[in-house]
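**Q** Sharing a structure with you now.
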Amino acid sequence: MNAVRYSSKAPAKIAPKKKPAFNAQGFLDSSGAARQIVEYRRLENIYVQGDLATRIFYIQRGGVKLTVVNEVGKEAVVALLGPGDFFGERGLAGQLVRIGTATTITPTTLFVIDKKEMVRVLHTEPAFSDRFVAYMISRNIRIEQDLIDQLFNSSEKRLARTLLLLTRYGMQDEPETMLPKVSQETLAEMIGATRSRVNFFMTKFRKLGFINYDKGGLQIDSSLLRVVLHE
């Protein structure tokens, strides 16, 4: 089998880098929405599967893992979220209880907004409402892209894309270069592969200079995009 080679040439641009859909913190401040700012430690549950869905959350700093457990106790990671992301908003659509668990993956600061207060702001602040809808549409597009990635791409490409998404690549002008510590087990659950496969590709990425382990976490180089673009 021929070895896969990656070109040293700069990869072609696939899309312009974009800022987050909107500055939710600024809009929440200007709208006067009643909300709490809550600090969470690493690996602390924000809510668990089965809790009442009475609040919406906005990540100001840190990261959150969303997981679901099925009837036989098998857990699946459905999303890793970072600064600028909302979660827990299903309650706005009538969901009474949480269908999953939200856990911090690093020390995290959240805006916590009561569901009734969020509904009030959406009804009384058209600019916020329009931008919130635009944010939700863009996130749904990302979810569809995740599904396509899961169905058609190799586990190597899925891992590379997941690492780039965790750096907020394409979502802001300057993506993060340092990721908080995310276990290989979590990455394996996210891309639908075994831990041994993730370990194999992470070692390969490190040797190629795409990633680097540091005391503070994992450094990701944007050149990792070559793996995603490689046919």
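**Q** Sort out which residues of the range 161-182 are over 15 Å from L225 (Cβ atoms), modelled with pLDDT of 75 or more and open to solvent by 20 Å² or more (accessible area, probe 1.4 Å), and write them in order of number.
**A** The answer is M178, V182.
**Q** Can we say R161 is under 19 Å from Q60 (Cβ atoms) and of a type in the set (K, R)?
**A** Considered against the rule, which asks whether it is under 19 Å from Q60 (Cβ atoms) and of a type in the set (K, R), R161 comes out as no.
**Q** Something else about it: May I ask you to list the residues in the range 111-152 that are aliphatic (A, V, I, L, M) and open to solvent by 70 Å² or more (accessible area, probe 1.4 Å)?
**A** V133, I137, I141, I143, L147, I148, L151
**Q** Answer yes or no as to whether E185 is touching a Lys or Arg at 6+ places or on another chain (Cβ under 6 Å), exposed (fewer than 15 other Cβ atoms within 10 Å of the Cβ) and free of Cβ contacts under 8 Å to residues at least 40 places away in the same chain.
**A** Yes.
**Q** Report whether or not V68 is at pLDDT 90 or above, open to solvent by less than 80 Å² (accessible area, probe 1.4 Å) and within 20 Å of K115 (Cα to Cα).
**A** Working: at pLDDT 90 or above: yes; open to solvent by less than 80 Å² (accessible area, probe 1.4 Å): yes; within 20 Å of K115 (Cα to Cα): no.
Judged against the criteria, V68 is not a match.
**Q** If you take the residues of the range 28-46 that are in contact with a Phe, Trp or Tyr (Cβ under 7 Å, 6 or more places away or on another chain) and open to solvent by 50 Å² or more (accessible area, probe 1.4 Å), which of them is modelled with the lowest pLDDT? Explain how you work it out, then say what you get.
**A** Just the residues of the range 28-46 that are in contact with a Phe, Trp or Tyr (Cβ under 7 Å, 6 or more places away or on another chain), to begin with: 28, 31, 35, 37, 46.
If we keep only those that are open to solvent by 50 Å² or more (accessible area, probe 1.4 Å) too, we end up with 35, 37.
Numbers: R35: 76, I37: 90.
If we take residues in the range 28-46 being in contact with a Phe, Trp or Tyr (Cβ under 7 Å, 6 or more places away or on another chain) and open to solvent by 50 Å² or more (accessible area, probe 1.4 Å), then R35 is modelled with the lowest pLDDT.
**Q** Taking the range 205-217 as the region of interest, how many residues are part of a helix (DSSP H, G or I) and either free of Cβ contacts under 8 Å to residues at least 40 places away in the same chain or over 24 Å from I148 (Cβ atoms) (or both)?
**A** Qualifying residue count for the region: 2.
**Q** Could I ask something else about it? So which of V182, V119, V198 ends up being aliphatic (A, V, I, L, M) and outside any helix (DSSP H, G or I)?
**A** Details: V119 fails: outside any helix (DSSP H, G or I); V198 fails: outside any helix (DSSP H, G or I).
Being aliphatic (A, V, I, L, M) and outside any helix (DSSP H, G or I) holds for just one of V182, V119, V198, which is V182.
**Q** Just wondering, is there one or more residues in the range 70-90 that are within 19 Å of F57 (Cβ to Cβ) and assigned to a helix (DSSP H, G or I)?
**A** yes
**Q** Another one. Do you know which residues across the range 102-115 are modelled with pLDDT of 90 or more and either assigned to a helix (DSSP H, G or I) or of a type in the set (A, V, I, L, M) (or both)?
**A** Within the range 102-115, A102, L110, V112, I113, K115 qualify.
**Q** Sticking with this structure for a sec: What do you reckon, is R61 touching a residue at least 24 places away in the same chain (Cβ under 8 Å), open to solvent by 50 Å² or more (accessible area, probe 1.4 Å) and either of a type in the set (A, V, I, L, M) or within 26 Å of L224 (Cβ to Cβ) (or both)?
**A** When the stated conditions are applied, R61 passes them.
**Q** Separate question: Out of the residues in the range 31-71 meeting the condition of being basic (K, R) and more than 21 Å from M178 (Cα to Cα), tell me which one is farthest from the chain's Cα centre (by Cα).
**A** Here the residue is R35.
**Q** Can you tell me which residues in the range 190-230 are crowded, with 19+ Cβ neighbours inside 10 Å and in contact with a strand residue (DSSP E or B) (Cβ under 6 Å, 6 or more places away or on another chain)?
**A** M190, F205, I211, L218, I220
The values are calculated or read from the model by the stated rules, or taken from the named source; none is laboratory data. For clarity, every value in this text was computed on a predicted model and none was experimentally measured. As a convention, Cβ positions derive from the backbone with ideal geometry for all residues, glycine included, and neighbour counts pool all protein chains shown. Ligands, DNA and RNA are stripped out before the accessible areas are found, and what is left, the full protein with its side chains, is counted by its heavy atoms. Shrake-Rupley method; radii C 1.70, N 1.55, O 1.52, S 1.80 Å.
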